Each structure stands twice: as C-alpha cells, then as structure tokens.
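S.K.: Structure in structure tokens, see below.
The values are calculated or read from the model by the stated rules, or taken from the named source; none is laboratory data. If you're wondering where the values come from, they're calculated on a predicted model, not measured in any experiment. Here the Cβ positions follow ideal geometry from the backbone for every residue, glycine too, while neighbour counts run over all protein chains shown.
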Amino acid sequence: MTIETVLLCGDPQQPSEYMYEAASFLESEGVSLSRIDWKADVSAERFREVTMEMESRGPSDYDTSSIEAHLDGVDALVVHKAPVSASVIEAGDSLQVVGAARGGVENVDIETAETNDVAVLHAPGRNKNAVSDYAVSLLLAKVREIPHHTSALHAGEWSQEFDPDRLPRDVEAMTIGIVGFGNIGQQVARRLSGFGPELLAYDPYQDESTFDDAGVERATLDGLLERADAVTLHARLTEETRGLLGGDELARMNQSAILVNSARGGLVDEAALVDALRTGSIAGAALDVFETEPLPEDHPFLEMDNVVLSPHTAGSTRDAVTNGPRMIAEGIESLIGGADPDNRIA
C-alpha cells in the first residue's frame with residue numbers, strides 16, 4: 001500500500017501535537033504529516049461528555065465539515081475520538097486508511113469504511129499500563145485504607161488499630177478475582193502476581209491458554225464472586241455486560257470483600273452497590289467510574305467512608321496519550337511495507 005500523506009486529527013484530550021510526537025518517525029519513510037484539531041475550543045472536561053455520548057450514538061450525528069475540508073490528497077486519517085462518519089470517509093477521495101488511536105472504534109463508521117475499501121486500525125491496550133497500574137493502586141489503597149489514614153492525619157488524628165480482627169489481610173493471603181481478562185485484566189494479573197495472592201479470572205471470550213499462560217485460574221462469574229476477597233472489573237461496556245454486577249451478584253460476594261471498578265460505571269448496578277455498602281453486604285469499594293459522570297453532588301457514595309473515589313482518571317497518563325497514535329503509526333508503517341498489521345480490524 002502506498003501511503004504518502006497522513007492527517008493527524010487531534011482533540012482536547014489528545015492534541016495533534018502529541019499525535020505528531022508519537023507518529024513523526026513515519027517521516028523517515030517519506031510520509032508527510034499534517035495536523036488539525038477537532039473541537040479544539042472545547043474543554044477536555046466537556047469533550048469527555050461529547051465522546052461518552054458518541055459511544056452510544058455513533059459518529060454520524062456530528063458536524064465533521066472541519067475534518068472533511070482537510071482531506072484532499074490524504075491517504076491516511078488518524079483520529080483519537082473525532083468522528084469518522086460516512087461523510088468523512090466519502091469525502092476522502094484518496095483515503096486508504098483510518099486509524100482510531102484508542103481501543104474502541106465507536107467513533108468510526110466501519111461499514112462505510114469496508115464498503116469504500118478503507119482499512120481501519122485501532123490501538124487496543126494503548127492505556128493498559130495506565131489502567132492496570134491504577135486498578136492495583138485502588139485495590140491496595142482500599143485494602144490498607146490509605147485515603148482514610150491520610151485524611152485522619154491531616155485532621156490531626158494519630159489513629160492506629162491493634163485489634164487483629166480489625167486489621168487488613170496481607171495481599172499474599174487474599175484471593176483476588178479479575179472480571180474481564182483482556183489486555184488490561186491480564187496486566188492487572190501480572191502486577192498482582194508479584195504480591196503472591198490466589199488469582200481468579202472470568203472472561204467467556206478468552207481461550208483456556210490465555211489463563212494458563214498467565215498462571216491464573218479460570219472461574220465462572222458466580223464462583224469468582226463467592227471466593228474472592230477483592231473483585232476488580234476490566235470488561236468492556238456492551239449491552240451484554242451492562243449491569244453485569246447487580247443485586248444478586250453483589251449478594252454472592254463475601255461480607256469482607258471489596259469491589260474495584262476502573263472500567264465503566266455501567267458494569268455495576270449503582271443502586272444495588274449503594275445498598276450493599278450501606279447494609280454491609282460487602283465491606284467496601286474503590287471506584288474510578290460511575291453511571292453518571294461527573295458524579296452528582298448528592299450521590300450517596302460521597303457520604304460513605306467505606307468507598308474510595310476518583311474522577312475517571314485511571315487511563316490518564318502521558319504515555320497512554322502517545323501510545324495510541326504510535327500504535328496506529330506502526331500499523332501504517334506495516335501497510336507501507338506490505339504487511340497486514342495486527343491492529344487492523346477492517
């Protein structure tokens with residue numbers, strides 16, 4: 001495939017200057033890179049709302065004229081979360097490749113791309129290190145109650161616990177369940193394995209070899225919930241997984257167990273989780289994602305001392321920002337060399 005011109009279309013969360021930083025090695029292949037930014041005048045916070053909507057609405061409901069105006073002679077279009085609708089694809093007379101520098105491709109009209117013989121690349125696992133680092137950090141923070149101790153000390157309290165029945169377990173002595181065993185779930189297992197706990201994982205879409213290679217026991221969802229001292233969620237949000245953990249599933253967990261969610265808020269029935277935390281059905285939770293974001297000011301979680309909260313920031317590291325466009329650029333490099341990249345989905 002001959003690719004001579006690439007348009008890098010950034011956005012408030014991934015500005016094109018960082019896309020260029022990650023993809024500039026293509027210039028040594030004789031590729032010309034140009035840059036634009038979609039919704040550059042929107043705050044990153046507001047842009048998150050736009051893109052969360054796009055995950056359910058698709059790319060066709062947005063004004064893409066500013067992108068289409070720059071497509072003359074462009075062989076490859078690389079975006080982060082900007083919409084690549086049918087009109088964008090059809091406006092690119094020379095367009096051969098579309099790359100979404102993220103794991104999901106909800107912002108790309110795959111069907112139109114296939115109809116127009118446009119290859120589609122994505123960046124699975126671009127933030128796997130960021131999210132898995134954070135998930136393990138959340139788990140450890142809740143197990144050892146680090147936020148509580150920090151707040152108490154800032155408030156002038158020197159609070160120590162000596163009752164063995166009230167002290168936390170060593171991580172090595174715990175059983176930890178991982179729900180969703182893709183790129184991020186596997187990285188969580190890799191990090192936790194150094195602590196030596198018993199690891200269980202549930203993922204109906206993974207081959208047995210994936211669990212064997214990771215040294216993790218495959219479990220059913222019910223079996224995992226019943227055995228685990230901590231459960232960490234790493235599944236994608238789909239119609240099938242929405243509300244994956246509801247009242248019945250939470251009731252299967254041990255009273256001493258904690259729930260960690262750094263994936264998507266919709267995986268958990270939030271009302272059922274609030275009830276489980278209030279009644280002591282489970283011991284606590286550490287949450288980075290919520291059904292409604294930002295978290296409403298009157299949300300019950302904000303009044304609970306058995307919940308660790310953070311503002312959907314698990315995947316936000318500098319390296320996660322540049323990993324996506326780098327992976328797309330590597331895929332383009334493969335196409336130039338006549339190879340079919342692993343991250344091609346259409």
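S.K.: For region 180-188, state whether one or more residues are in contact (Cβ under 8 Å) with a residue 60 or more places away in the chain, out of contact with any Lys or Arg (no Cβ under 8 Å at 6 or more places or on another chain), in the same structural domain as Ala263 (by TED's automatic domain parsing) and buried (at least 19 other Cβ atoms within 10 Å of the Cβ).
M.R.: no
S.K.: I'd like the full set of residues that are in contact with a Gly (Cβ under 7 Å, 6 or more places away or on another chain) and assigned to a loop (DSSP other than H, G, I, E, B), limited to region 194-218.
M.R.: Of everything in region 194-218, just one residue is in contact with a Gly (Cβ under 7 Å, 6 or more places away or on another chain) and assigned to a loop (DSSP other than H, G, I, E, B), namely Asp203.
S.K.: Here is a follow-up. Can you pull out the residues in region 261-285 that are under 16 Å from the mean Cα position of the chain (by Cα) and either within 20 Å of Ala141 (Cα to Cα) or among the charged types (D, E, K, R) (or both)?
M.R.: From region 261-285, those under 16 Å from the mean Cα position of the chain (by Cα) are 261-268; that's our starting set.
Listed by number, the residues that qualify are Asn261, Ser262, Ala263, Arg264, Gly265.
S.K.: Taking only region 152-161 into account, find how many residues are in a loop (DSSP other than H, G, I, E, B) and either modelled with pLDDT of 95 or more or surrounded by 14 or more Cβ atoms within 10 Å (Cβ to Cβ) (or both). First the steps, then the outcome.
M.R.: Residues of region 152-161 in a loop (DSSP other than H, G, I, E, B): 155-161.
Adding the requirement that they be either modelled with pLDDT of 95 or more or surrounded by 14 or more Cβ atoms within 10 Å (Cβ to Cβ) (or both) leaves 155-158.
Final tally of qualifying residues: 4.
S.K.: Could you list all residues from region 86-109 that are surrounded by fewer than 23 Cβ atoms within 10 Å (Cβ to Cβ), more than 18 Å from Asp11 (Cβ to Cβ) and in contact (Cβ under 8 Å) with a residue 40 or more places away in the chain?
M.R.: Ser94, Gln96
S.K.: Also: Would you check which residues across region 226-265 are within 21 Å of Gly315 (Cβ to Cβ) and of a type in the set (S, T, N, Q) and list them?
M.R.: Thr232, Thr238, Thr241, Asn261, Ser262
For every residue, the table says whether it meets (1) assigned by TED's automatic domain parsing to the domain that holds Ala100; (2) closer than 16 Å to Lys128 by Cα; (3) out of contact with any Lys or Arg (no Cβ under 7 Å at 6 or more places or on another chain); (4) at pLDDT below 95.
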{"position": "Asp275", "(1), (2), (3), (4)": "no, no, yes, no"}
{"position": "Ile282", "(1), (2), (3), (4)": "no, no, yes, no"}
{"position": "Glu297", "(1), (2), (3), (4)": "no, no, yes, no"}
{"position": "Glu303", "(1), (2), (3), (4)": "no, no, yes, no"}
{"position": "Arg326", "(1), (2), (3), (4)": "yes, yes, yes, no"}
{"position": "Glu330", "(1), (2), (3), (4)": "yes, no, yes, no"}
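S.K.: Checking Thr241 against (1) touching a helix residue (DSSP H, G or I) at 6+ places or on another chain (Cβ under 9 Å); (2) surrounded by 21 or more Cβ atoms within 10 Å (Cβ to Cβ), only one condition comes out false. Which one?
M.R.: (2) is the only condition that Thr241 fails.
S.K.: It is to be established whether one or more residues within region 179-193 are part of a loop (DSSP other than H, G, I, E, B), touching a Gly at 6+ places or on another chain (Cβ under 6 Å) and more than 18 Å from Leu224 (Cα to Cα). Outline the logic, then answer.
M.R.: Kept after step one, since they are part of a loop (DSSP other than H, G, I, E, B), are these residues of region 179-193: 180-182.
From what's left, touching a Gly at 6+ places or on another chain (Cβ under 6 Å): none.
For region 179-193, residues part of a loop (DSSP other than H, G, I, E, B), touching a Gly at 6+ places or on another chain (Cβ under 6 Å) and more than 18 Å from Leu224 (Cα to Cα): absent.
S.K.: Grab the strands (runs of 3 or more DSSP E) fully contained in region 228-346, keeping just those with 3 or more residues being touching a residue at least 24 places away in the same chain (Cβ under 8 Å).
M.R.: 230-233, 258-261, 284-287
S.K.: Mind checking whether some residue in region 58-65 is in contact with a Leu (Cβ under 9 Å, 6 or more places away or on another chain), assigned by TED's automatic domain parsing to the domain that holds Gly324 and either among the small types (Gly, Ala, Ser) or closer than 21 Å to Gly266 by Cα (or both)?
M.R.: No, that holds for no residue.
S.K.: Right, another one. Only one residue in Asp269, Asp305 is under 26 Å from Ala189 (Cβ atoms) and acidic (Asp, Glu). Which one?
M.R.: Asp269
S.K.: Confirm whether Ala173 is under 22 Å from the mean Cα position of the chain (by Cα) and without any contact (Cβ under 8 Å) to a residue 40 or more places away in the chain.
M.R.: Answer is no for this residue.
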